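In what follows, a structure is listed as structure tokens, so that the remarks can point back to it.
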């Protein structure tokens, strides 16, 4: 099983999160997006997407990871959905989307995911499924959600909140 590792770029330390702490860490990271988007330069970031594209992507990731967690909890050894994030962002036209609507939809999806994480039972955390040939646990999916939120906040120039 491939475990999520520490990230030198954004400072994410998956082992520093207590089980269930992912919900609060996700909320903390998401709280930085409105100000970061308001401060962001327009246009694509060096080697990446524009700030609104990152916001749309993180919103999509929260929804995707919520679906994955639900599937992991409900199904024995499921095959988890795989999507092409670049394609989804390109088709979504997030770069020209209304910023207030992006932030609102991000907040809704992140809160839905945080609530799902908080609802998990002890026995749910180590349930396993497969994504593109790699095993993933509920815990790892929850940690990856936090990492995506923190990392992309840093990508758009937001301050990464401490854990």
Exercise for review: Mind checking the full-extension length gain between residue 99 and residue 132? Use 0.36 nm per residue of separation minus the Cα-Cα distance, one decimal, nm.
Suggested key: 8.6 nm
**Study point:** Degrees, to the nearest 10: 99-119 long Cα axis against longest axis of the chain
**Key:** 20 degrees
**Study point:** Using distinct alpha-carbon pairs, which all enter the 1/r mean, Kirkwood radius of the chain in Å
**Key:** 15.9 Å
Point to revise | Folded to 0 to 90 degrees: helix 138-155 orientation relative to the chain principal axis, Cα | key: 10 degrees
Revision key, fill the gap. With no solvent term and unit scatterers on the alpha-carbon positions of region 110-156, Debye gives log₁₀ I(q)/I(0) at q = 0.26 Å⁻¹ of -1.00
Exercise for review: Once you have the Cα-Cα distance between residue 24 and residue 112, take 0.36 nm times their residue separation minus that, and quote the gain in nm to one decimal.
Suggested key: 30.4 nm
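In square nanometres, what is the average projected area of the Cα convex hull of region 68-163?
7.3 nm²
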Review point. Two-decimal Rg/Rh of region 29-101 from alpha-carbon positions, Kirkwood Rh?
Key: 1.06
Check your understanding: Ranked highest first by the average count of other Cβ atoms within 10 Å around their residues, in what order do 25-31, 54-60, 65-71 fall?
Key -> 54-60, 25-31, 65-71
Practice item. With a Förster radius of 41 Å, plug the Cβ-Cβ distance of residue 35 and residue 75 into 1/(1 + (r/R0)^6) and report the FRET value to the nearest 0.05. Key: 0.60
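Gain in length, residue 15 to residue 87, computed as 0.36 nm per residue apart minus the alpha-carbon separation, to one decimal in nm?
22.8 nm
Each value in this text was obtained by applying a stated rule to the coordinates, not by laboratory testing. Values in this document were obtained by computation on a predicted structure and should not be read as measured data. All Cβ positions, glycine included, derive from the backbone under ideal geometry; neighbour counts span all protein chains shown.
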